[in-house]
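Worksheet for the structure shown next.
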Amino acid sequence: MFVSRSMTRKLITITAEEGLFAARDAMRGNGIRHLPVVDAEGKLLGMITDRDIRSALPTEWIRQPLSESKMEQLEALRVKDIMSTELFTITPNYTIQDALLLIEEKKVGALPVVDEQGYLKGILSVRDLLRAFINVLGIGQPGTLLCILVEEKVGQLKRIVDAITEENISFGSILVAHYWEEEKRAVFPYLLTMNVSRIKKKLEGMGFELLDPMKWYLDQLPKNE
Amino acid sequence: MGSSSESSDSPEREPTMKRTGFLFDRRYLLHETGGFHPEAPERLTAIYQGIEEGGLLPSLTPVQATPADLRWIETVHPRSYIDRFNDACIQGKKMLDTPDNQICAESYSTALLAVGGILNTVRMIMEDSIDNAFCAVRPPGHHAEVSEAMGFCYFNNVAIAARYLQQEWGIQKVGIIDFDVHHGNGTQHIFEKDPSVCYYSIHEHPSFAFPGTGRVFEKGSAEGTGFTHNHPILPGEGDDEYRKIVTSQMVPAIDAFEPEFLLTSTGFDAHCDDDMSGIQLSTEFFTWIMQQIVALAQRHTKGRVVSVLEGGYCLKRLPELARNHVSVLLNA
C-alpha cells in the first residue's frame, strides 16, 4: 500500500516560464486538472491547477471577446505568476493511508510525489486513490457481499474467516465497522463467489446474525454533516 | 397463429394455443457440479416434473438437443477457450477458472448440447415450425465471458443464439431481456459495443450481489452506447418495484429498439424462497413478467421469443415457476 505503486508516473509537467494558456491547453489536452511545475532538472517548483487558471481569467471572458489590451495582459501571465508554491508533497514511500488522510485534511485534489532531493517522481490524485480503494475493496472482481453482526470479542473474526475458508471461498476483502449497538461489530466479507447460500446457512448455524444489507450498509457510519 | 397440422408432436394443443417448443434432454443432467452446489441436475428434474405434472407436455413441441457446431460457439468464444474447457474435462479437472465453476468429464459435452439445442430451437422458429419456446438447459450461460468461465456458466448460450440469428438467419436486431437475479456480465460485455443487440437486465444491486457489475451507469460503449440497459434493484424489494421498472423502463426500452427476435435469460432466482438473493418476488410476478415479454414479442417479433434458462435454485418452487412460464408461452 505504498504511494509508489499507485501514483501516476507518466507525468505531464510545465515550466514556470510558460504562459497561462499553455498550461490550460496542457490540462485540456490530457484531461487533467493538476500540473506540476518543474525546473530544467525536474525539481518541483510549484503546482498549477485548473482552478488557478480560472481564477486568473476575468469573468467577462466567458461572455464576450476581450479587448486587445486585456488579452495581451493575460498572454503575458506566466505559470510562475499564478502557481502555488506552498505545497503539500509526499514521497514514494508514503502509504496510501497517509495520502488519503493528507488529501482529506489539506483539501487538495492531488499530491506531487518527490524524492528526498526534491525531484518530481509522480503525482497521486484523488482518482489514483479511488482506484487503489476499488482494488482494496475487491469490487473490481465478481463477488457477493455478506453482512454479519458479531459481538465485539476476541476470536469472532477468526471463526468467520475459518468457516468461509473451509468452504473453499476466496476473499475479495473483509471490512469491519462499528455498529450502532455498543459492543457489536458489523463484518462485511466480500466473497469471490456466486455460491453463498451454503456459507450463509453455515454462519447462521454457528450463531451469527446475518444482516439484511438494506438495514445496514455503510450508511450507519458517522456522517459528515 | 400457425396451423396445428405442422406440429404433429403436440396433439393435445388447443387450436388457439401457440406452437411452443420445449427443449429438454436427460443428458443435461450429466453436468455434475459436485456435492452441495446449487447449480445441480435436480433443478432441471424439478422443472421437467413441474411441466409434466401440469399436464403441459402433450401441448408442447419437443426440441432435440444435438451438439452445437463449434463454428457457432466461435462467434462468441475463441477456439483457445473452447479447447481449454474441453481439455479440462478430458483431464479430469474439477473446476474451470473459478471454484464456482465445478466440472466433470461430461461438462463440456453437456454445454455443447445446451448450445446445440438452443440453436435447434431458434432454427425451428425461423422455419416456422414453432412460434416460441422454453429451453430448459444446463449449464447456464449469461455469466460466461468471451474467454472465461464464471458464475456456473461456460458458454454464453443466449449470446451464441443471438449471433446465430444474425449470421444464419439475417436477423438484424436481437433483443435480450435478462431477468435472472444476477447481472449477465458476459452477455453485456459481448454486446456492449454492438448497437444490433439490445441487452436489458433487471437484477439485484451489484453492491450486494454477484457479480458486481450491471450498475445503472453501464449503458454500453462506442456505437453500442444506449443499447445496454441495467436496472439494479435493492435487496428486500419485490413485486412492486419490479413491476414499476418493467412497465416504466423495460417495456418502453424494448419498444423503442423494435427487435426482430427476442431472447430471454430466464432466471427464477429472484423468487422470495430462493436463497441465492435478497430479492423477494412472488410466483405470480414471474408469470406477469413473461406476459409482458410475450406481449412485446407480439408487437415486434411476430411472437418469436426463445426463453433460455439461467438460474433458479429453489427446488420447491421451480416446478410451479416452470409450469407457469410455459403456460404463458402457450397462451401468448
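The values are calculated or read from the model by the stated rules, or taken from the named source; none is laboratory data. What you are looking at is a predicted structure, and each value in this text was computed from that prediction instead of being measured. Don't worry about glycine lacking a Cβ; one is built from the backbone with ideal geometry, like all the others, and counts go over all protein chains shown. Only protein heavy atoms, including side chains, enter the accessible area calculation; ligands, DNA and RNA are left aside. Shrake-Rupley method; radii C 1.70, N 1.55, O 1.52, S 1.80 Å.
Worth a mention:
- For A:LYS158, the lysines whose Cα comes closer than 23 Å to its Cα, not counting residues fewer than 8 places off in the same chain, are A:LYS184, A:LYS200, A:LYS201, A:LYS202.
- Trypsin sites (Lys or Arg not before Pro) within the stretch A:51-112, DSSP loop, no more than 11 other Cβ atoms inside 10 Å: A:ARG63, A:LYS107
- Ranking B:ALA295, B:GLY238, B:ALA68 by Cα position along the charge dipole of chain B, where only Lys, Arg, Asp and Glu carry charges on their C-beta atoms, puts B:ALA68 farthest toward the positive end.
- Mean Cβ count within 10 Å, highest first, over the residues of peptides B:274-285, A:153-164: B:274-285, A:153-164
- Cα gyration tensor category, rounded, prolate or oblate, for the protein assembly as shown with a/c compared to 1.5: prolate
- Candidates B:ALA270, B:PRO41, B:LEU165 compared by Cα position along the dipole of chain B: farthest toward the positive end lies B:LEU165, with charges placed on Cβ.
- From helices alone, chain B scores -10500 deg cm²/dmol at 222 nm; the rule is -39500 (n - 2.57) for each run of n ≥ 4 DSSP H residues, then divide by the residue total.
- Angle between chain A longest axis and helix A:20-30 axis [Cα atoms, degrees, rounded to 10]: 40 degrees
- Between the stretch B:210-288 and the stretch B:129-156, the Cα center-to-center distance that results, in Å: 17 Å
- A Cβ-based charge dipole, computed about the Cα centre of the stretch A:3-135 with Lys and Arg at +1 and Asp and Glu at -1, lands at about 540 debye.
- Label-point gap, in nm, between B:ALA256 and B:GLU284 - each point 7 angstrom along Cα→Cβ: 3.1 nm
- Sorted on the mean count of surrounding Cβ atoms within 10 Å across their residues, most packed first, peptides B:233-241, B:151-159 read B:151-159, B:233-241.
- Note on B:ARG84 and A:LYS70: the model spin-label points, each 7 Å out from Cα along the C-beta direction, lie 6.1 nm apart.
- For the protein assembly as shown, a simple Cβ point-charge model (Lys and Arg +1, Asp and Glu -1, everything else neutral) yields a dipole of about 560 debye relative to the Cα centre.
- Within the protein assembly as shown, DSSP assigns beta bridges of which about 50% are antiparallel (rounded to the nearest 5).
- Gaussian network model of chain B, springs between alpha carbon atoms under 10 Å - residue of B:ALA161, B:ALA295, B:ALA111 with greatest fluctuation: B:ALA295
- Shielding value for B:93-103 is 2, the average number of Cβ atoms from other chains within 10 Å of each residue's Cβ.
- Antiparallel beta bridges, as assigned by DSSP with both residues in the stretch B:23-330, represent about 10 percent of the total such bridges.
- The alpha carbon centroids of the stretch B:20-75 and the stretch A:140-161 are separated by 37 Å.
- Rg and Dmax of chain A, both derived from C-alpha coordinates alone, stand at 24.5, 79 Å.
- For the residues of B:201-212, the average number of beta carbons from a partner chain within 10 Å of their own beta carbon is 5.
- Cα shape, the stretch A:144-210, gyration tensor, a/c 1.5 rule: prolate
- Note on chain A: GNM, Cα springs under 10 Å; of A:MET27, A:MET71, A:MET47, the largest mean-square fluctuation is that of A:MET71.
- Computed from Cα positions, the angle between helix A:156-166 and the longest principal axis of chain A comes to roughly 80 degrees.
- Straight-line cross-link partners of B:LYS193 among the lysines, defined as a Cα under 27 Å from its Cα and at least 8 positions apart when in the same chain: B:LYS173, B:LYS219, B:LYS302.
- The protein assembly as shown - percent of accessible surface contributed by carbon and sulfur, probe 1.4 Å: 50 percent
- Both chains summed, the buried accessible area for A and B stands near 1700 Å², from protein heavy atoms and a 1.4 Å probe.
- Under Stokes-Einstein, with the Kirkwood radius over Cα pairs as Rh, the value for the stretch B:23-330 at 20 °C and 1.002 mPa s is 114 µm²/s.
- Protection proxy ranking for B:219-226, B:18-25, using the average of other Cβ atoms within 10 Å per residue and placing the highest first: B:18-25, B:219-226.
- Modelled spin-label separation between A:PHE88 and B:ILE245, with each label point placed 7 Å from Cα along the Cα-to-Cβ direction: 3.9 nm.
- Average accessible area per residue (Å²) across the protein assembly as shown - probe 1.4 Å, nucleic acids and ligands excluded: 45 Å²
- Scattering from the stretch B:174-332 was approximated by placing one identical point on each alpha carbon and applying the Debye formula without solvent; log10 I(q)/I(0) at 0.09, 0.19 1/Å stands at -0.25, -1.19.
- Pairwise centroid distance, computed over Cα atoms, of the stretch A:100-115 with the stretch B:166-205, Å: 42 Å
- Neighbouring Cβ atoms from other chains, within 10 Å of the Cβ of residues in A:195-205, number 3 on average.
- Screening chain B for whole DSSP H helices with an alpha carbon extent of at least 20 angstrom along the helix axis and a mean Kyte-Doolittle hydropathy of at least 0.5 yields B:107-126.
- Note on the stretch B:281-332: the C-alpha convex hull projects to 3.6 nm² when averaged across all orientations.
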